[in-house]
Amino acid sequence: MPDVITVRVQTDSDSFQDVIVKIERPAYHKPFLGGFKNRITGVEFHNAGSQTVPKKRPDRGIQLFCRETQTVFEKNKPQQTKNTTSTQMAKIGLYVSNMTDKLISPGKYLTAEEYHKRRLEAVIVLQTYFRRWHAINVVQNLREKKRLRLAWEAQEELRRKKEKEEKLRREHERRLNPKSKEDFELLYHALELWRQEETERINRTLTGAERKAAFCGLLEQEAQLIASIGRHKLNADEENQQKAIVHFLNKCAQPKRWKAYDGRITEMDTPYTLRARELFEIYRSISMNDIPKDERIDILLTLRCTVKEHECKLTREIVELIDREVDLMSREVKEHNLEGLRKRICTLFLQYIKTPKFNPEVARILKVPPDPLQLYKNVNFCQSCKNYLPSTEFPVPANSRTIGRCRLCCKLDNEAQQREALLKYKLILENLRKSEADYQDDAKIVFLVQHQDLQYMIENIWGCQSAVSACSDLYDLVMVRWDKQREWSPWNTILLTKDEADAHLKLCNLQEAYEETFIHRIKHKHIQAKNYCAEIPAMTSLLRKSVNQANAN
């Protein structure tokens, strides 16, 4: 076949085109790839394969050879080879020295039975020493574990003792220097316990006129203690009010924050936040005491320039007071005589800051909206104090069907009559909500339950004690899931101490871990909780859903 051929190709129905094809001849023999044969016609068909021209390796002037490798199968086989030996004996004409010869005499013959018996005895001796060594190690490990366990128990006992002492110290400190609402709840609760003890003692020991006189003295002492608590409350309110003002202004001055896709926090200042931060710095400066006269005058002049940007009655009054203080300071008036004037300046400037017209950022934080029409939304009437208040000022239990009284009226009623301390139940509910949020399984029921409902369950269903150890210290008790695979609910809970709760949540099978009588007692408490929650409208659908799910399982 020639190296160049011409092929006619039809490009259209009536047109053809000649194409010149150059044939490249391979420099190597193509391998046989198989094929088949037509038995009728006898024509053979071979499998064809195409391959580009292989790349030629550069000639380096060194001749290379290829060598096929093959694994070797090795096999070990013992063999006894022949070893030809000879001996030489003394004879006539030959002397062989016997100086190095040894005389070997046959010993006692050892039978196979005796041999194996001796080996068994040796093995028994080895096992005896090994077992002794192993027993010593086991005992040492047990002794070390016991030491560590006792040390851990002592450490835990010391930790619990320190926590109890710290708790008592904090409670004592809170009673001596009450600052928050919970602190005053503890004070009134302690006052009520003292009054009940004194009343019981008087009824048990006195009669007649002495009893009446003792009750009059008790009433007078109670009135004095209530007055003392009231004085502490006034001081705490004044201090808390100043802290609340600083927190409010700091919140207004915070920049805008949001989380990016990569988890980093981005902050951005707006003109409104910069304005709020400027006013906050001025307020903090004019609220400081014991500063030099020159610095005080500079602060007042800065304040004067700031408020004169807006002309109104409030700003004119602030400017008047600033000029008056500057004039009195120039006349060498004593500091304690200027305290009232400075408080008026701080109060009016705070009112200036809380005005959205002068500080636009404050509009989104104020409880009272700038638009009066928004006050008509979510407003309820308190039957006790006869005031219209926002819905957030009304504590609504889960089983309540009406609005009831506002928080302030409930607080006053508690201080006047029951004097209950609800801090323990609030702490239990707060810890429960945190633990449920950590599960990240969209728990809902725990956020519907209020501390009044939790108080009812702890006092009336669980008896204010742990289900396992009967511990009655509410500060050490927590509520956790009975079955950790299901959402927490009043019918899927158990009241335990913190250590017992940690151990309970590590259990995989409750039926094997607890006795049947204990499980039956817990199930009975769950039925009581279901009966209580059946009266709550918000939980009726959730209770029905859980019952259907339990039946399906």
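Values for this structure:
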quantity	calculated
Over 19 Å (Cα to Cα) - which of Lys179/Lys411; Lys181/Lys424; Lys161/Lys498; Lys233/Lys386 fall in this group	Lys233/Lys386
Sulfur and carbon atoms: percent of accessible area, the chain [1.4 Å]	54 percent
Charge-dipole axis of the stretch 423-551 as Lys and Arg at +1 and Asp and Glu at -1 on Cβ define it, positive-most pick from Phe518, Leu505, Tyr456	Tyr456
Dipole axis of the chain (+1 Lys, Arg; -1 Asp, Glu on Cβ), positive-most option in Leu110, Ile124, Ala154	Leu110
Candidate residues Glu113, Glu197: accessible-area rank, largest first, probe 1.4 Å	Glu113, Glu197
FRET efficiency for Leu103 and Lys82, using Cβ-Cβ distance with R0 set to 25 Å, rounded to 0.05	0.25
Non-local Lys pairs in the stretch 266-366, i.e. 8 or more apart or on different chains, that have alpha carbons under 22 Å apart	10
Debye, to nearest 20: dipole size of the chain, +1 on Lys, Arg Cβ, -1 on Asp, Glu Cβ	2420 debye
Accessible area expressed per residue, the stretch 154-216, with surrounding protein chains retained (probe 1.4 Å, Å²)	74 Å²
Tail beyond 19 Å, pair distance distribution of the stretch 263-368 (Cα, percent)	47 percent
Cα point-scatterer Debye curve for the stretch 236-317, base-10 log of I(q)/I(0) at q = 0.19, 0.25 Å⁻¹	-1.00, -1.20
The chain - Rg (one decimal) and Dmax (whole number), Cα, Å	48.6, 155
Met457, Met1, reordered so the largest accessible area comes first (probe 1.4 Å)	Met1, Met457
Average accessible surface area per residue within the stretch 229-310, 1.4 Å rolling probe, Å²	67 Å²
Mean residue ellipticity (222 nm) of the chain, computed from DSSP H runs ≥ 4 via -39,500 (n - 2.57), nearest 500	-17500 deg cm²/dmol
Part-to-part distance (alpha-carbon centres) for the stretch 292-350 and the stretch 479-534, which is given in Å	64 Å
Spatially proximal lysines relative to Lys102 (Cα-Cα < 28 Å; intrachain offsets below 8 disregarded)	Lys82, Lys91
Dipole of the chain, positive end: most advanced residue of Leu94, Leu408, Leu300 [Cβ charges, Cα centre]	Leu94
Dipole moment magnitude, nearest 20 debye, the stretch 181-251 about Cα centre, only Lys, Arg, Asp, Glu C-beta charged	80 debye
Å² of accessible area per residue within the stretch 423-551, as computed with a 1.4 Å probe and no ligands counted	54 Å²
Assigned charges on the beta-carbon of Lys, Arg, Asp, Glu; the stretch 266-366 dipole about Cα centre (debye)	420 debye
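The values are calculated or read from the model by the stated rules, or taken from the named source; none is laboratory data. Because the structure is predicted, anything quoted here is derived from the model rather than measured. When we count neighbours, we look across all protein chains shown, and the Cβ atoms used for this are built from the backbone with ideal geometry, even at glycine. Please note that ligands, DNA and RNA were not included when accessible areas were found on the heavy atoms of the full protein model with its side chains. Shrake-Rupley method; radii C 1.70, N 1.55, O 1.52, S 1.80 Å.
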